[in-house]
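Colleague: This is the structure I want to talk about, given as structure tokens.
The values are calculated or read from the model by the stated rules, or taken from the named source; none is laboratory data. Predicted model, so just to flag it, every value in this text is computed and none were measured. Ideal geometry is used to build each Cβ from the backbone, glycine not excepted, and the neighbour counts take in all protein chains shown.
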Amino acid sequence: MQRGPTGVYTELMAYKLVTLGGDGTGPEVMREGLRVLHAVSGALDLSWDVDDIPCGGQYYLEHGDRDWPEGAEARCDAADLILLGAVGWPSPTGAGPVLMKDGKMAGFSPVIGNRTRLNLYANVRPVKLYEGVQHRIHGANKLVWQPGMVDMVMIRENTEGLYTPAGGKLAPGGRTDVAIDTRVITRRASEQVIRHAFELCRRRNKGAPRDGKLRVTQLVKDNVLHGCQLFSQVFYEVGEEYPEIEKDSAIIDAFTQWLINQPEYYDVVVTTNMFGDIVTDLASVLQGGMGMAVGANIGHKHGMFEPIHGSAPKHAGKDKVNPIAMILAVKEGLEWLGGQKNDERLGRSARAIEAAVIELLKLGAPLTYDLVGEAKAAKASEDGQWLSEAALRHLGAQAQA
Ligand code: GGG
């Protein structure tokens with residue numbers, strides 16, 4: 001036991017951290033995330049037992065039959081916190097991503113495999129526009145949406161829907177003629193994620209930027225799809241337990257226009273797996289692009305945190321891809337683990353990291369090409385270095401306050 005900086009006696013136990021850098025730019029952004037993590041941890045005597053697991057399409061091409069090593073599942077199951085970079089690599093044949101023998105993308109195991117095996121049922125994606133961030137439109141950076149008007153959380157069901165591995169291909173005579181993906185929607189998974197959305201709305205207690213109303217919006221296609229009818233039924237059943245929260249329903253296709261022209265109407269949004277995958281990439285445009293967007297995969301016992309962007313093979317090895325999404329994923333992970341372990345050092349670290357990001361975005365440099373254009377672009381590592389020093393400074397400021 002040691003008396004920590006907070007004055008509380010803490011056990012000097014290292015948290016178990018699994019890192020899954022993955023393919024392409026995944027390990028590069030992971031390096032910057034870990035740089036920031038270690039900077040804040042050093043100041044608070046937080047220690048990490050880091051287990052780095054190689055994975056993805058490149059791993060599969062080198063090793064033959066698996067997209068991560070034998071035993072990787074158990075190592076993830078034992079982790080307190082999992083950080084994921086990005087997976088997916090182009091097939092050497094030039095046709096799409098590297099696929100495994102069973103037809104799944106090489107990189108499926110660490111991403112979708114972990115989500116389903118660990119029941120990480122809620123994929124929580126904050127969509128917040130920070131001050132100073134401009135939008136990349138027509139090849140130039142300009143302010144389109146206003147900070148303060150974009151501040152919602154989107155929650156995507158993460159274990160079933162169109163991602164359920166139930167389906168296949170029919171190839172009479174060797175040529176694929178039919179491909180089937182089965183969309184499975186269950187009451188259990190719908191209920192877990194919808195409840196998570198209402199609880200988060202209540203805990204956030206912010207309301208929508210337009211009117212301050214606590215509001216949960218479900219995105220469905222319940223005029224056509226059976227699964228969406230079940231999801232919607234569960235939405236209103238669970239919603240009855242939250243009388244103070246407005247229940248709002250939008251048809252997914254119509255929602256895509258409203259997301260762009262009135263983002264201020266939304267507080268918490270909940271939807272099924274594939275719809276959520278697509279609309280959160282669109283929503284990232286509001287917050288400055290994919291380089292700013294985080295996905296927190298949360299279950300009852302486990303959490304895996306990632307930038308929502310992919311591995312961007314064409315940018316790999318250039319130290320150029322925005323590490324802020326990964327750094328904010330570290331922040332989300334620390335905040336979540338702090339709640340799980342009741343360790344307030346983790347929450348302090350998370351707040352210091354976010355304060356550093358806010359400071360950098362207002363300052364405007366050093367930032368990567370996606371936020372400021374090629375002419376003014378800094379390297380990803382300069383960005384990460386600046387943020388690790390600033391996060392440390394913000395920790396010091398917290399201690400004095
Ligand atoms: N950083 C996330 C990542 O690499 N995603 C790759 C991918 O294929 N994800 C599928 C999904 O998010 O559903």
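Colleague: Can you tell me how many residues within the range 92-116 are touching a residue at least 12 places away in the same chain (Cβ under 8 Å) and within 15 Å of the ligand (Cβ to nearest atom)?
Modeller: Applying the first criterion (touching a residue at least 12 places away in the same chain (Cβ under 8 Å)) to the range 92-116 yields 92, 97-98, 100-101, 103-116.
Applying the additional criterion that residues be within 15 Å of the ligand (Cβ to nearest atom) yields 97-98, 100, 103-116.
Counting residues in the range 92-116 that are touching a residue at least 12 places away in the same chain (Cβ under 8 Å) and within 15 Å of the ligand (Cβ to nearest atom) gives 17.
Colleague: Kindly establish whether GLU32 is among the acidic types (Asp, Glu) and either within 12 Å of the ligand (Cβ to nearest atom) or free of Cβ contacts under 8 Å to residues at least 60 places away in the same chain (or both). Write out each step before concluding.
Modeller: Working: among the acidic types (Asp, Glu): yes; either within 12 Å of the ligand (Cβ to nearest atom) or free of Cβ contacts under 8 Å to residues at least 60 places away in the same chain (or both): no.
Considered against the rule, which asks whether it is among the acidic types (Asp, Glu) and either within 12 Å of the ligand (Cβ to nearest atom) or free of Cβ contacts under 8 Å to residues at least 60 places away in the same chain (or both), GLU32 comes out as no.
Colleague: Looking at (1) more than 12 Å from VAL133 (Cα to Cα); (2) in a helix (DSSP H, G or I), which is the one condition that is false for ILE358?
Modeller: The single condition ILE358 does not satisfy is (1).
Colleague: From the list PHE275, PHE255, pick out the single residue that is at pLDDT 95 or above and either away from the ligand (no atom under 16 Å from the Cβ) or among the small types (Gly, Ala, Ser) (or both). Steps first, please.
Modeller: Numbers: PHE275 fails: either away from the ligand (no atom under 16 Å from the Cβ) or among the small types (Gly, Ala, Ser) (or both).
Testing whether each residue is at pLDDT 95 or above and either away from the ligand (no atom under 16 Å from the Cβ) or among the small types (Gly, Ala, Ser) (or both) leaves just PHE255.
Colleague: Note down all Cβ pairs under 6 Å where the first residue falls in the range 311-331 and is in contact (Cβ under 8 Å) with a residue 12 or more places away in the chain, the second is more than 13 Å from the ligand (Cβ to nearest atom) and polar (S, T, N, Q), and they're at least six residues apart or on different chains.
Modeller: Close Cβ pairs satisfying both conditions: ASP319/SER381; ASN322/THR368.
Colleague: Being hydrophobic (A, V, I, L, M, F, W, C), within 22 Å of the chain's Cα centre (by Cα) and surrounded by fewer than 21 Cβ atoms within 10 Å (Cβ to Cβ) is the filter here, so list the residues in the range 361-387 that pass it.
Modeller: The initial filter retains those residues of the range 361-387 that are hydrophobic (A, V, I, L, M, F, W, C), namely 361, 363, 365, 367, 371-372, 375, 377-378, 380, 386-387.
Still in the running and within 22 Å of the chain's Cα centre (by Cα): 361, 367, 371, 380, 387.
Of everything in the range 361-387, just one residue is hydrophobic (A, V, I, L, M, F, W, C), within 22 Å of the chain's Cα centre (by Cα) and surrounded by fewer than 21 Cβ atoms within 10 Å (Cβ to Cβ), namely LEU361.
Colleague: Also, quick follow-up: Out of (1) modelled with pLDDT of 95 or more; (2) outside the structural domain of THR271 (by TED's automatic domain parsing), what's the single condition that is false for MET152?
Modeller: (2)
Colleague: Report yes if some residue within the range 131-139 is under 20 Å from VAL270 (Cα atoms) and assigned by TED's automatic domain parsing to the domain that holds THR186; otherwise report no. Explain how you work it out, then say what you get.
Modeller: Let us first name the residues in the range 131-139 that are under 20 Å from VAL270 (Cα atoms), namely none.
The answer is no; no qualifying residue exists.
Colleague: Can I ask one more? Mind checking which residues of the range 302-320 are among the hydrophobic types (A, V, I, L, M, F, W, C) and surrounded by 24 or more Cβ atoms within 10 Å (Cβ to Cβ)? Before the answer, list the steps.
Modeller: First, pick out the residues of the range 302-320 that are among the hydrophobic types (A, V, I, L, M, F, W, C): 304-305, 308, 312, 316.
Residues satisfying the conditions are MET304, PHE305.
Colleague: Continuing with this model, one more query. Within the range 262-275, is there a residue that is among the acidic types (Asp, Glu), in contact (Cβ under 8 Å) with a residue 60 or more places away in the chain and either in contact with a strand residue (DSSP E or B) (Cβ under 6 Å, 6 or more places away or on another chain) or surrounded by fewer than 19 Cβ atoms within 10 Å (Cβ to Cβ) (or both)?
Modeller: Just the residues of the range 262-275 that are among the acidic types (Asp, Glu), to begin with: 264, 267.
Remaining after also requiring in contact (Cβ under 8 Å) with a residue 60 or more places away in the chain: 264, 267.
With either in contact with a strand residue (DSSP E or B) (Cβ under 6 Å, 6 or more places away or on another chain) or surrounded by fewer than 19 Cβ atoms within 10 Å (Cβ to Cβ) (or both) added as a condition, the list becomes 264, 267.
Taking every residue of the range 262-275 in turn, at least one turns out to be among the acidic types (Asp, Glu), in contact (Cβ under 8 Å) with a residue 60 or more places away in the chain and either in contact with a strand residue (DSSP E or B) (Cβ under 6 Å, 6 or more places away or on another chain) or surrounded by fewer than 19 Cβ atoms within 10 Å (Cβ to Cβ) (or both).
Colleague: Here is a further query. Please count how many residues of the range 287-329 are away from the ligand (no atom under 13 Å from the Cβ), under 28 Å from GLU160 (Cβ atoms) and assigned to a loop (DSSP other than H, G, I, E, B).
Modeller: The number of residues fulfilling the criteria is 5.
Colleague: Which residues, taken from the range 296-329, are closer than 17 Å to ASN123 by Cβ and β-branched (Val, Ile, Thr)?
Modeller: Within the range 296-329, the first condition is being closer than 17 Å to ASN123 by Cβ, and the residues that meet it are 296-310, 325-326, 328-329.
Across the range 296-329, the qualifying residues are ILE298, ILE308.
Colleague: Could you check PRO323 against (1) farther than 19 Å from MET154 by Cα; (2) not assigned by TED's automatic domain parsing to the domain that holds GLY85 and say which number it fails?
Modeller: (2)
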